[in-house]
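Report on the following structure.
The values are calculated or read from the model by the stated rules, or taken from the named source; none is laboratory data. Only a predicted model underlies this, so the values are computations on that prediction, with no experimental measurement involved. Backbone-built Cβ (ideal geometry, glycine too); neighbour counts: all protein chains shown. Just so you know, the surface numbers come from the protein's heavy atoms only, side chains and all, with ligands and any DNA or RNA stripped out. Shrake-Rupley method; radii C 1.70, N 1.55, O 1.52, S 1.80 Å.
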Amino acid sequence: MTAILHAQGLNKRFGAVIAASDIDVSIEDGSIVGLIGGNGAGKTTFINMVTGYLKPSSGTIRYCGRDITRLGPRQITQLGICRSFQIPQLFDSLTSRENLLVALGIVVLEAKNFASSASLRTENIEAVADETLARFNLTKYRNTRVGVLPEGVRKLLDIAMAMVVKPRIVFLDEPTSGVSADQKFVIMDMVMEALRAQSVTILFVEHDMDIVSRYTHRILAFYEGRIIADGRPEAVLNDNSVRKYVVGDQPVQGAAHVAN
Amino acid sequence: MTAADRTLPALSLALQVFLIGGWFLPDWAQSLLILAFGKGLVVLGLLLLIRTGLVSFGQGLYYCLGAYAAVSASKILAFPDLMSDALAMPLFGGVVAGVLGLVLGFLLARYRAIFFAMLSLAFSMILYGLLIKMSVLGSSDGFNIDYRTLAGIKLPDGMKLYALYALSTLLVFIATACLHRYLRSHLGRLAPAVRDNELRVEYMGSSVRYVVHVNYIIAAVLAGVGGGLVALSIGHIDPDLAYWTTSGEFVFVAVLGGTGNVAAPVLASLLFEWIKSAAYQYAPYTWQMVLGITLLLVIMFLPAGLWSIFQRRAREA
Amino acid sequence: MTDLVPVLIDGIIYASYLFIIAVGLTLIYGVMKILNMAHGSLYALGAYVTATLVGAWFSHGLNPYGSFALPLLAAILVGLVAGPIIERGLLRFMYGNDEIVLILVTYALLLILEDLIKLVWGVESYSAYQPYGLLGTFEVAGLPYTKYDAILVGVAVSVGVALTWGLARTRQGKLLLAVIHDREVSAAMGINVQRVYLVTFTIGTILAALAGALIAPKVSVVPAMGVEVIVLAFAVVVIGGLGSLPGAALGALIVGLVGSAAVHYLPQVELFSIYLVMALVLIFRPKGLFSAAEARKI
């Protein structure tokens with residue numbers, strides 16, 4: 001497989017805080033990668049840098065051979081990298097369907113700038129919106145204002161929004177946080193199926209190691225801004241430093257979820 | 001959805017009613033309606049800005065500019081024939097306002113909330129400060145202004161007022177209908193999206209600044225045309241058109257009407273001008289107080305404006 | 001070419017009363033996040049009450065020097081009556097709304113207060129000129145200045161020093177700073193935020209009324225004065241940075257000096273130049289000259 005995304009020597013400092021340190025990583029086209037690590041380990045900072053929300057202090061990011069280090073979220077989205085958010089970022093005063101229509105409208109408006117999705121036309125965006133709602137099991141919320149929807153539903157819509165632009169890479173930031181433990185696999189099954197239909201490279205942040213090992217080909221373990229382990233799930237999860245720094249705090253995280 | 005879909009037929013019905021009904025109205029009522037329509041256009045622009053999440057305390061800038069552009073063109077530039085035309089003057093005002101909106105928009109598109117409100121206020125006060133001391137533009141006394149033709153056709157004296165009335169009715173119809181279409185276009189739909197979540201708009205591959213800039217220009221053009229119409233109706237312009245209280249009044253009317261429908265600003269403007277003309281006669285010293293209390297009541301009990309009463313009715317029916 | 005000294009002195013006098021009014025505005029914004037559009041009307045109220053008191057004082061033939069207490073009395077009177085009524089009776093129902101909605105609320109308040117003033121005092125102009133000339137004049141660089149203006153500058157400096165000291169050294173001031181810094185945490189720590197709001201708004205109102213009361217002897221007191229001054233006060237606080245005390249001082253000095261320089265050298269551009277400075281500051285330092293950095297969102 002060929003590398004679709006390549007980050008080299010990424011560093012990010014906020015004053016004295018080091019949020020990312022010497023990150024070198026290549027992501028193969030079509031792979032499914034889990035990002036693990038405690039809070040503040042640098043997972044979201046990594047996503048923020050790749051998707052253009054933060055500019056790295058040094059280092060380069062290449063996508064399909066092209067240097068995207070200095071581009072903003074808008075251009076990076078248009079090139080085919082999109083993301084969902086830890087806290088869903090939606091248009092709260094609009095309904096689920098309207099959220100998707102806004103997103104699809106952008107794709108039509110900016111069609112010449114988007115790397116993919118040239119086939120979308122004004123006439124069929126309503127049909128595409130309904131189809132997307134169905135694929136993410138959101139049809140019954142289509143006319144509900146998303147500001148009042150439960151968190152789990154908002155997370156799904158947030159992912160659906162990211163998929164509207166037909167990205168080649170999608171980052172999912174904690175897709176199952178706020179979802180009850182027994183629902184996590186149900187949600188992940190559905191999301192993964194919906195995403196597989198679009199043949200997209202997936203990187204997702206997850207605290208639940210059962211989920212990570214079940215759905216990924218590869219895991220990147222973050223600790224204090226570095227990638228301390230990178231490889232097949234069983235290898236990474238059995239790595240000594242990962243057990244010590246990352247998995248070690250998993251029971252606490254699990255308890256927190258039950259408490260929710 | 002169904003209620004909103006009736007907007008265009010309702011607007012064209014209203015156009016016919018106003019065009020025909022206006023003919024039978026006394027002069028003062030026609031003048032009042034022109035005034036309300038002209039200011040309604042400015043408020044229509046504010047509706048678009050508010051839907052984008054921005055409140056401008058400086059629309060008086062474009063309102064005043066639109067009015068002055070028309071007059072200065074005839075007085076200073078050498079287009080006396082073109083510039084005594086009731087159609088050409090407001091349109092020219094709209095163009096000049098639009099050009100300034102395009103320029104200032106590059107700046108203002110970077111600002112939000114209080115800072116947007118304050119910077120737009122500062123710009124309108126700059127124009128006020130300029131005009132009040134510029135003798136070539138009439139200083140604080142301003143100018144008188146008149147029109148003789150409509151779209152090149154010479155107007156007989158008896159027809160002048162109705163011609164302007166019909167023109168303003170038509171312009172309001174065109175503006176509301178176009179804005180209604182615009183709000184349902186891909187670009188127009190982005191207005192509430194920008195208000196709700198700018199980050200997501202950028203992450204969907206669109207430019208927040210571009211959306212704000214376009215909507216800002218549209219609001220400027222509407223205010224410029226509105227200013228031109230009001231100038232023709234009153235027959236006089238002065239720097240107070242740019243004073244901040246004028247802009248405050250537009251915000252008031254926008255909040256009063258709400259942003260639920262493009263008809264709301266125009267109806268609110270009609271109501272406002274009607275009450276104002278009555279109150280000037282009967283309660284000159286308590287009129288603003290009534291306004292203030294009304295504004296408080298609307299904010300507290302009808303945060304979506306008077307239009308939400310219609311919407312509630314429509315839903316219940 | 002006019003000499004520089006009178007420009008500076010006039011500018012400082014102008015800045016003094018701008019500071020007194022702007023510092024109240026910025027204090028209220030800093031603590032309550034309300035940009036109070038009615039602040040100018042409270043200023044006008046202070047001026048009217050002073051005019052009435054001064055008129056009554058001199059028509060009763062009381063000791064003229066006693067009239068210097070009247071502006072202070074008027075300010076405290078207006079502040080202690082109007083402040084709590086407005087805060088308890090109106091604003092407290094509005095907290096938690098968007099900043100823009102709060103601006104609209106105070107705009108409504110401005111409309112109400114403007115007419116209230118017209119109802120009580122009518123639309124004719126009032127004057128309270130007597131205290132202004134009472135102390136006579138002194139000369140700087142060959143030009144006469146009234147001692148009243150010197151007192152005005154002194155009051156402004158005292159207000160600035162008192163507020164700075166009060167915020168840094170008193171218990172009440174520290175509570176205020178805590179609320180400015182973080183409202184939620186302050187409330188969670190057991191600070192009575194409601195009380196802090198009431199005190200802040202009352203102090204702000206006293207300051208607005210004090211500025212009006214002190215200016216009343218210098219000008220004719222007319223209904224439009226509140227509406228005129230509020231946009232100037234906006235310019236001052238926006239230039240300095242909303243919610244910043246030193247910012248209000250710097251903003252007042254800038255507006256005062258720019259205004260005075262314009263009046264001396266090029267009277268046509270007075271208003272224009274003040275708002276031009278305001279726009280320029282907003283363009284190059286959007287959050288004003290004194291402003292803090294913001295944290296990341298996602």
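Can you run down the residue pairs with Cβ atoms below 7 Å, 6 or more apart or on separate chains, where the first is in region C:224-236 and farther than 17 Å from C:ILE34 by Cβ and within 9 Å of chain B (Cβ to nearest Cβ) and the partner is of a type in the set (S, T, N, Q) and surrounded by fewer than 23 Cβ atoms within 10 Å (Cβ to Cβ)?
So the pair list comes out as C:VAL227/B:THR245.
Within the group B:LEU161, B:LEU155, which residue is touching an Asp or Glu at 6+ places or on another chain (Cβ under 8 Å) and of a type in the set (A, V, I, L, M)?
Answer to the selection: B:LEU161.
Restricting to region A:33-48, what's the tally of residues that are within 21 Å of A:ALA235 (Cα to Cα) and within 11 Å of the chain's Cα centre (by Cα)?
Total satisfying the criteria: 4.
In region A:72-117, what residues are more than 7 Å from every other protein chain (Cβ to nearest Cβ), farther than 20 Å from A:ARG142 by Cα, open to solvent by 30 Å² or more (accessible area, probe 1.4 Å) and outside any loop (DSSP other than H, G, I, E, B)?
A:GLN75, A:LEU79 - these are the residues of region A:72-117 that are more than 7 Å from every other protein chain (Cβ to nearest Cβ), farther than 20 Å from A:ARG142 by Cα, open to solvent by 30 Å² or more (accessible area, probe 1.4 Å) and outside any loop (DSSP other than H, G, I, E, B).
Tell me, which helices (runs of 4 or more DSSP H) wholly within region C:112-223 include 1 or more residues that are of a type in the set (Gly, Ala, Ser) and touching a residue at least 60 places away in the same chain (Cβ under 8 Å)?
C:147-169, C:193-215
All but one of (1) more than 12 Å from every other protein chain (Cβ to nearest Cβ); (2) open to solvent by less than 40 Å² (accessible area, probe 1.4 Å); (3) of a type in the set (A, V, I, L, M) hold for C:ALA38, so report the exception by its number.
Here C:ALA38 clears every test but (1).
Which ones in region B:213-256 are among the aromatic types (Phe, Trp, Tyr) and part of a helix (DSSP H, G or I)?
B:TYR216, B:TRP244, B:PHE250, B:PHE252
Quickly run through region A:56-71 and pick out the residues that are more than 16 Å from B:TYR203 (Cβ to Cβ) and either of a type outside the set (Ser, Thr, Tyr) or within 10 Å of another protein chain (Cβ to nearest Cβ) (or both).
Answer for region A:56-71, where residues must be more than 16 Å from B:TYR203 (Cβ to Cβ) and either of a type outside the set (Ser, Thr, Tyr) or within 10 Å of another protein chain (Cβ to nearest Cβ) (or both): A:PRO56, A:GLY59, A:ILE61, A:ARG62, A:CYS64, A:GLY65, A:ARG66, A:ASP67, A:ARG70.
For region A:118-149, which positions are more than 14 Å from chain B (Cβ to nearest Cβ) and either within 21 Å of A:MET192 (Cβ to Cβ) or basic (Lys, Arg) (or both)?
Of everything in region A:118-149, those that are more than 14 Å from chain B (Cβ to nearest Cβ) and either within 21 Å of A:MET192 (Cβ to Cβ) or basic (Lys, Arg) (or both) turn out to be A:GLU131, A:LEU133, A:ALA134, A:ARG135, A:PHE136, A:ASN137, A:LEU138, A:THR139, A:LYS140, A:TYR141.
Restricting the search to region A:199-231, which residues are open to solvent by less than 40 Å² (accessible area, probe 1.4 Å), assigned to a loop (DSSP other than H, G, I, E, B) and within 16 Å of A:GLU28 (Cα to Cα)?
Selection gives A:VAL200, A:THR216.
So, of the residues in region A:148-180 that are open to solvent by 40 Å² or more (accessible area, probe 1.4 Å) and small (Gly, Ala, Ser), which turns out to be nearest to the chain's Cα centre (by Cα)?
A:GLY178
Quick check on B:LEU297: is it open to solvent by 60 Å² or more (accessible area, probe 1.4 Å) and within 14 Å of chain C (Cβ to nearest Cβ)?
Yes; evaluated as a whole, the condition is true for this residue.
Would you pick out the residues in region C:44-80 that are surrounded by fewer than 24 Cβ atoms within 10 Å (Cβ to Cβ), in a helix (DSSP H, G or I) and not hydrophobic (A, V, I, L, M, F, W, C)?
Selection gives C:THR52, C:GLY55, C:SER59, C:PRO64, C:TYR65, C:GLY66, C:SER67.
Give the residue, chosen from C:GLY83, C:GLY96, that is part of a helix (DSSP H, G or I) and either open to solvent by 60 Å² or more (accessible area, probe 1.4 Å) or away from chain B (no Cβ under 13 Å) (or both).
Going through C:GLY83, C:GLY96 in turn, just one is part of a helix (DSSP H, G or I) and either open to solvent by 60 Å² or more (accessible area, probe 1.4 Å) or away from chain B (no Cβ under 13 Å) (or both): C:GLY83.
Can you say whether C:ILE254 is more than 21 Å from C:GLY40 (Cα to Cα), open to solvent by 10 Å² or more (accessible area, probe 1.4 Å) and either out of contact with any Phe, Trp or Tyr (no Cβ under 8 Å at 6 or more places or on another chain) or part of a helix (DSSP H, G or I) (or both), as far as the supplied structure shows?
The answer is no for C:ILE254.
What number of residues within region A:19-30 satisfy the criterion of being at pLDDT 85 or above and open to solvent by less than 10 Å² (accessible area, probe 1.4 Å)?
3
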